[in-house]
Amino acid sequence: MTNLRFKEYTFRNNPRRLVVRHSRKTSAVSCYGIGESLQELGSGLTIVEGEGELFGEDALEQFIALRKLMQQGGSGILSGAGLEPMQAVFDSLEMVGQGGDKTISYSFRFTEERGVR
């Protein structure tokens, strides 16, 4: 399996946990005398969330590189780790805690960017 990749950054190790959430957008509409009705609005955006560890003497430098990538903003291609390639925005990165020596735990989220159809 290829490593997770966003823009030009390739994760050295794939995340330990990866969740890909697909959804449909719906809305409950209230109509006088009829009650509630469900209305389908179309497909929702795909959300990719994960957790992992950064290892080695340069674990902190790896995290800083990820943080800079997230902070630069803009969308790019997210691929690898069994994902269907998609245009996405890196919108969340969290240092969960430091594991053992030379290990940093982290979590992240990418949100699909889709043009108006």
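Bear in mind these aren't lab numbers, they're just calculated from the coordinates by the rules spelled out. Keep in mind that this is a model prediction, so the values were computed, not measured. All Cβ positions, even for glycine, are placed from backbone atoms using ideal geometry, and neighbour counts span all protein chains on display.
Axis of helix 59-71 versus longest Cα principal axis of the chain: the two differ by about 40°, to the nearest ten degrees.
Its Cα gyration tensor gives the chain an equivalent ellipsoid; the semi-axes, largest first and in whole Å, are 35, 16, 12. Which residue fluctuates most in the GNM of the chain (Cα springs below 10 Å): LEU54, LEU41, LEU66? Between LEU54, LEU41, LEU66, it is LEU41 that shows the largest mean-square fluctuation.
Which residue fluctuates the most in the chain, going by a Gaussian network model with Cα springs under 10 Å, if the choices are LEU93, LEU45, LEU78? Largest GNM mean-square fluctuation: LEU45. A straight chain from CYS31 to GLU113 at 0.36 nm per residue would run longer than the Cα-Cα distance by 26.2 nm.
Note on the chain: GNM, Cα springs under 10 Å; of GLU84, GLU51, GLU61, the largest mean-square fluctuation is that of GLU84. Evaluated with a Cβ-only charge set (Lys, Arg +1; Asp, Glu -1), the chain carries a dipole of roughly 260 debye about its Cα centre, given to the nearest 20.
Selection among TYR106, THR46, TYR32 by position relative to the dipole of the range 5-112 gives TYR32 as farthest towards the positive end (Cβ unit charges, Cα centre).
How high is the relative contact order of the chain, in percent, with contacts defined as C-alpha pairs under 8 Å that are six or more residues apart? The partial results should precede the final answer.
Working: 227 pairs, mean separation 31.8, N = 117.
Over the chain, the number comes to 27 percent.
Sequence-ordered 3J(HN,Hα) estimates for the range 107-112 from the Karplus curve with 6.51, -1.76 and 1.60 and θ = phi - 60° stand at 9, 8, 8, 10, 10, 4 Hz, glycine and proline given as x.
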